[in-house]
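Contents: one structure, followed by commentary.
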Amino acid sequence: MSTEFLSGNEAVAYAAYRAGCRVAAAYPGTPSTEILETVARFKDAIDCEWAVNEKVAMEIVIGASIAGVRALTAMKHVGLNVAMDPLMTYTWIGAHGGLVVVSADDPGMHSSQNEQDNRNLARFARMPLFEPADSQEAYDMTVAAFELSERSQAPVMVRLTTRTSHSAGRVDLGDDFRPLAVAPKPYCKDIRRNIPVPAFGRPMRQRVEERTAALRAEADASPLNRIEDGDRRLGIVTSGVAYTYVKEIFPDVSILKLGFTNPLPKELIRRFAGSVDRLVVVEELDPFLEEQIRAMGLAVVDVQTPLRLFELNPMRLRALRRELLGDAEDPAITPAPAGLPTRPPVLCAGCSHRGAFYILHKLKATVTGDIGCYTLGAFAPLDAMDTTVCMGASIGNAFGMEKAGLGGRIAAVIGDSTFFHSGLTGLLDVVYNRGRITVVVLDNRITAMTGHQGNPGNGVTLMGETSEATDIAALARSLGVRRVCTVGAYDLEELERVLATELDAPEPSVVVVRGPCVIAERRRDLVPYAVDAAACVGCGACRKLGCPAIVRGDPLGADGRRFTSVIDPELCSGCDLCRQVCRFNAIAKRS
């Protein structure tokens, strides 16, 4: 039997290959990114791509499914919000080739702007839902999801969380790990099936309800749902990664472990509830299972231990055991040693985004931000961002502020990948409706925050093929923006001149700030800078850049209010910004 040590994300990719998936598309977003990166290892069998956004990715795999092949898309939880428009309609049309949608939720908001439970979206869309608890189940359930999708003609959601996505374990891939012999289904033109105008959509609606009823019976009999007998004085219903915590802290009680959770296996739940004295539901985030079980008329213990916010963990489950059974001790907690340094959220040393934020703060602009590394421009000492909502929102937010009569300079800051993702329509709206905001595109030619994936700006596809590199400045001009400038990210004087001019312009403008991601570039020929302690007057201007390579040094004077600056040569990337802001010529390249 072939065995691999895989994360949950990698296991999904291996399962896509095993299941005979032919097309995969996604937009990178933590914690889902590694799924498509791993699928790319099988590019001889699967045509995979980074789409410009999740909606486009969903539309691509829907097209592949309509054409008769198995397809997969993966995205983080907020990405599914973007993709819901085509998905909601395709659940009515129904899958032809098997279609699997992987939603990677982020309880605890490790790298996200909100915390949402996309099990609710699966129910809303009337699509089957699988919830793996570990890497083995991620593999097995993804293979099963393709089979169920084709058999039921429904897209199937596989819902991961950060813990299942990024935790790794041994995965048995089977005796013969290669793609199953799944022939593409022949495509036949059928407008009654594929075009949901009202006359055709009404019968679709009826078929969806019939399909849901059939799927509920299948969920009741599914081996993905199982009863684990134990002490029947307490029974716990659980699903996904929450099951692993329950097994660790409640190894002696009866457990109903659900993996196929939409439609809800109601008869199985009734049978389990009737076999235990008290019924408790343990799930992460929303009471998705509990509310439906209560609606069935079953008595569920109303626990007082808070389980709804953020990630579950053994410590929280131990508190629940203490509430329910009274036999759990408080875990021994070792406090962190006093005096350990903290690491505040900060842009990397030499980040090409830093200069633009430094100047925007200096120019006292109101800055609407976006989703990316550059969101860190909101924090001290840069303090150069006022809002962040969602991908692409910076432009619409800035225009809304202008319409509301907010005075002063208004700038929308957006990264290159985010601009391609969902900034174009906002910019077009500004032009069409005669706005006058300035859009600052921070162009490092890479999708940096999620691990340096390609995008249309760098002209290299996920499959390694050379493609056209999109010129953002030319694209802005094609949308009707007449004032378009491109400026280097490390030239502070030019940045200030250009941004001041465009922020005061009477019409919309776009400033493309070009500079590399220093982590992705990994240049070895850069010479770090150093501070001449004798020339440093302790003004602290260089530290206002917020560069982690610049730290406070020795005190100057008796008042204890001024300190020299010191540049860590191991962190410095030689970007030159600190030299430019020092008025006393105390900073120079190391000799």
Identify all residues within the range 52-73 that are among the aliphatic types (A, V, I, L, M) and in contact with a strand residue (DSSP E or B) (Cβ under 8 Å, 6 or more places away or on another chain); write none if there are none. Val56, Ala57, Met58, Ile60, Val61, Ile62, Ala64, Val69, Ala71, Leu72
Those residues that are without any contact (Cβ under 8 Å) to a residue 60 or more places away in the chain and either part of a loop (DSSP other than H, G, I, E, B) or not hydrophobic (A, V, I, L, M, F, W, C) (or both), I need them from the range 104-135; list them, please. Asn114, Asn118
Just a yes or no: is a residue in the range 429-439 assigned to a strand (DSSP E or B) and surrounded by 22 or more Cβ atoms within 10 Å (Cβ to Cβ)? yes
Do we find that Leu428 is in contact with a Phe, Trp or Tyr (Cβ under 6 Å, 6 or more places away or on another chain) and modelled with pLDDT of 85 or more in this structure? no
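This table checks each residue for (1) modelled with pLDDT under 90; (2) over 42 Å from the mean Cα position of the chain (by Cα).
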position	(1), (2)
Asp532	no, yes
Arg543	no, no
Ile550	no, no
Ala558	yes, yes
Cys572	no, no
Cys578	no, no
Ile587	no, no
Go through the range 471-492 and report how many residues are assigned to a helix (DSSP H, G or I) and either farther than 23 Å from Gly408 by Cβ or within 29 Å of the chain's Cα centre (by Cα) (or both). 7
When (1) in contact with a strand residue (DSSP E or B) (Cβ under 8 Å, 6 or more places away or on another chain); (2) without any contact (Cβ under 8 Å) to a residue 24 or more places away in the chain are applied to Asp44, the one that fails is (1)
Counted residues, the range 23-43 - those being buried (at least 22 other Cβ atoms within 10 Å of the Cβ) and over 18 Å from the mean Cα position of the chain (by Cα): 1
Of (1) in contact with a His (Cβ under 7 Å, 6 or more places away or on another chain); (2) part of a helix (DSSP H, G or I); (3) not basic (Lys, Arg), Gly400 fails just (1)
Just checking, how many residues over the range 97-144 are at negative phi, over 19 Å from the mean Cα position of the chain (by Cα) and among the charged types (D, E, K, R)? 4
Yes/no for Ile410 being buried (at least 24 other Cβ atoms within 10 Å of the Cβ), under 25 Å from Ala474 (Cα atoms) and either in the same structural domain as Ala505 (by TED's automatic domain parsing) or not hydrophobic (A, V, I, L, M, F, W, C) (or both): no
With the structure loaded, tell me whether Arg497 is charged (D, E, K, R), over 33 Å from the mean Cα position of the chain (by Cα) and assigned by TED's automatic domain parsing to the domain that holds Phe399 or whether it fails that test. yes
Top-ranked residue in the range 493-536 [being of a type outside the set (Lys, Arg), touching a residue at least 60 places away in the same chain (Cβ under 8 Å) and assigned to a strand (DSSP E or B); ranked as surrounded by the fewest Cβ atoms within 10 Å (Cβ to Cβ)]: Ala530
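Hey, could you check the range 236-285 for residues that are touching a residue at least 60 places away in the same chain (Cβ under 8 Å) and part of a strand (DSSP E or B) and say which is farthest from Met127 (Cα to Cα)? Even if it seems obvious, please write down each step before you answer.
Step one: filter the range 236-285 for residues touching a residue at least 60 places away in the same chain (Cβ under 8 Å), giving 239-246, 248-250, 257-263, 284-285.
Next, from what is left, pick out any that are part of a strand (DSSP E or B): 239, 257-258, 260-262.
Values: Ser239: 17, Lys257: 20, Leu258: 16, Phe260: 11, Thr261: 10, Asn262: 7 Å.
Ranking the candidates gives Lys257 first.
Here is a yes/no grid of residues against (1) assigned to a helix (DSSP H, G or I); (2) at pLDDT 95 or above; (3) assigned by TED's automatic domain parsing to the domain that holds Thr162; (4) under 19 Å from Asp416 (Cβ atoms):
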{"site": "Val12", "(1), (2), (3), (4)": "yes, yes, yes, no"}
{"site": "Ala25", "(1), (2), (3), (4)": "no, yes, yes, no"}
{"site": "Gly29", "(1), (2), (3), (4)": "no, no, yes, yes"}
{"site": "Thr38", "(1), (2), (3), (4)": "yes, yes, yes, no"}
{"site": "Val52", "(1), (2), (3), (4)": "no, no, yes, yes"}
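Of the residues that sit in the range 149-159 and are surrounded by 24 or more Cβ atoms within 10 Å (Cβ to Cβ) and over 22 Å from the mean Cα position of the chain (by Cα), which one is nearest to Pro263 (Cα to Cα)?
Of the range 149-159, the ones surrounded by 24 or more Cβ atoms within 10 Å (Cβ to Cβ) are 149, 154-159.
With over 22 Å from the mean Cα position of the chain (by Cα) added as a condition, the list becomes 149, 154.
On the way: Ser149: 14, Ala154: 12 Å.
The selected residue is Ala154.
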With respect to the numbered conditions (1) closer than 16 Å to Leu129 by Cα; (2) loosely packed, with under 12 Cβ neighbours inside 10 Å, which one is the sole condition not fulfilled by Gly259? (2)
If I filter the range 222-235 for residues that are at pLDDT below 95, not basic (Lys, Arg) and not in a loop (DSSP other than H, G, I, E, B), do I get at least one hit? yes
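Taking into account only those residues within the range 537-567 that are β-branched (Val, Ile, Thr) and surrounded by fewer than 19 Cβ atoms within 10 Å (Cβ to Cβ), which is nearest to Pro345 (Cα to Cα)? Reasoning before the result, please.
First, pick out the residues of the range 537-567 that are β-branched (Val, Ile, Thr): 537, 550-551, 564, 566-567.
Applying the additional criterion that residues be surrounded by fewer than 19 Cβ atoms within 10 Å (Cβ to Cβ) yields 537, 551, 566.
Values: Val537: 27, Val551: 15, Val566: 20 Å.
The residue in question is Val551.
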Return the residues of the range 539-567 that are in a loop (DSSP other than H, G, I, E, B) and free of Cβ contacts under 8 Å to residues at least 24 places away in the same chain; say none if nothing qualifies. Gly557, Ala558, Asp559, Gly560, Arg561
Is one or more of the residues making up the range 401-408 within 18 Å of Val481 (Cβ to Cβ), at pLDDT 90 or above and of a type in the set (Asp, Glu)? yes
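The values are calculated or read from the model by the stated rules, or taken from the named source; none is laboratory data. A quick note: this is a predicted structure, and the numbers were derived from the prediction, not measured. Cβ sites come from the backbone with ideal geometry, for glycine too, and all protein chains shown count toward neighbours.
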